[in-house]
Amino acid sequence: MPLYMDRHDIEGVTAQAVAEAHELDMAVQDKHGAKYLTYWCDEVRGHIFCLVDAPSKEVAMQVHREAHGLVPNQIIEVDQATVEAFLGTIEAPPPLISIAPLQSTEPLATESESAGNTAFRTILFTDMRGSTALTRQLGDAKAMELLHIHNAIIRNALRAHRGNEVKHTGDGFMASFVSVSQAVECAISILKAFDFYNGQHPDTAIHLRLGLSAGEPIEEDRDFFGATVQLAARLCEHAQADMILVAGVVRELCLGKKLPFKDQGEKQLKGFDGLVRVYEVEWA
């Protein structure tokens, strides 16, 4: 049977309420020929995701409608190999998988404290290559499905490497890290996850470019500004598909970590006076 993932947006949702709703789904699923496999609950953002084997989207929605009336905001067909690539096995799931908020381990500053704050951070930019052409080729609905896959893979990598999602840029992300080596390892894991996905889906392959820099950006309203951010963005723009480019400071701060850097020489980057030493992270 097809495999579907749905999303519910419910303000104030609790893990206990989701667990109870899942039990209700399982109580009526057999009569509809469906099987709810697992689910994820993000209490902070009010999002619930359900994974279900069902004959059709309509059947999956009918189970929810009959069990508790909570019809999903969106439901898409997904591939099991893709789901397992960035969420792990879906066999014998635990009773509840709760998604922690994507944030650094440091306590958030108050609005007055955060204005103009500086602290050492590694900034990562990702960019999906050819997203506009992909939309023209596949159509809006299929392109949006791929964007959901893209977003989930990157967010899972950020979560695994203690990254903080600063913002979504439409076809990429800006993220920050306290640890330089964790940022580089996160970038490597992102491209490895997409490489796995592309091997399974060559007709809808997703290719990224990534750029990293490190320093003391200005933090204001939970966003970052300054030369460190600009350099990471320019390195991302300069990278080719499936490539990670980093500033020299990133390589220097990873000495002893046995991470695979390759000197790409000095490059002229838009907005920067003089040449900038650039390194590639060899991840394959």
Pairs please, first residue from segment 132-152 and on the phi < 0 side of the Ramachandran plot and not assigned by TED's automatic domain parsing to the domain that holds SER189, second anywhere and modelled with pLDDT of 85 or more and of a type in the set (D, E, K, R), Cβ atoms under 9 Å, 6+ apart in sequence or on different chains. none
Restricting to segment 230-264, name every residue that is under 12 Å from VAL281 (Cα atoms), part of a loop (DSSP other than H, G, I, E, B) and in contact with a Ser or Thr (Cβ under 9 Å, 6 or more places away or on another chain). CYS254, LEU259
Of the candidates ARG129, ARG162, the one satisfying the condition of being more than 20 Å from ALA239 (Cα to Cα) and at pLDDT 85 or above is ARG162
Verdict on LEU245 being hydrophobic (A, V, I, L, M, F, W, C) and farther than 21 Å from PHE194 by Cβ: no
Out of the residues in segment 265-279 meeting the condition of being part of a strand (DSSP E or B) and among the aliphatic types (A, V, I, L, M), tell me which one is surrounded by the fewest Cβ atoms within 10 Å (Cβ to Cβ). VAL276
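The values are calculated or read from the model by the stated rules, or taken from the named source; none is laboratory data. What you are looking at is a predicted structure, and each value in this text was computed from that prediction instead of being measured. Counting neighbours? That spans all protein chains shown, and the Cβs are built from the backbone with ideal geometry, glycine included.
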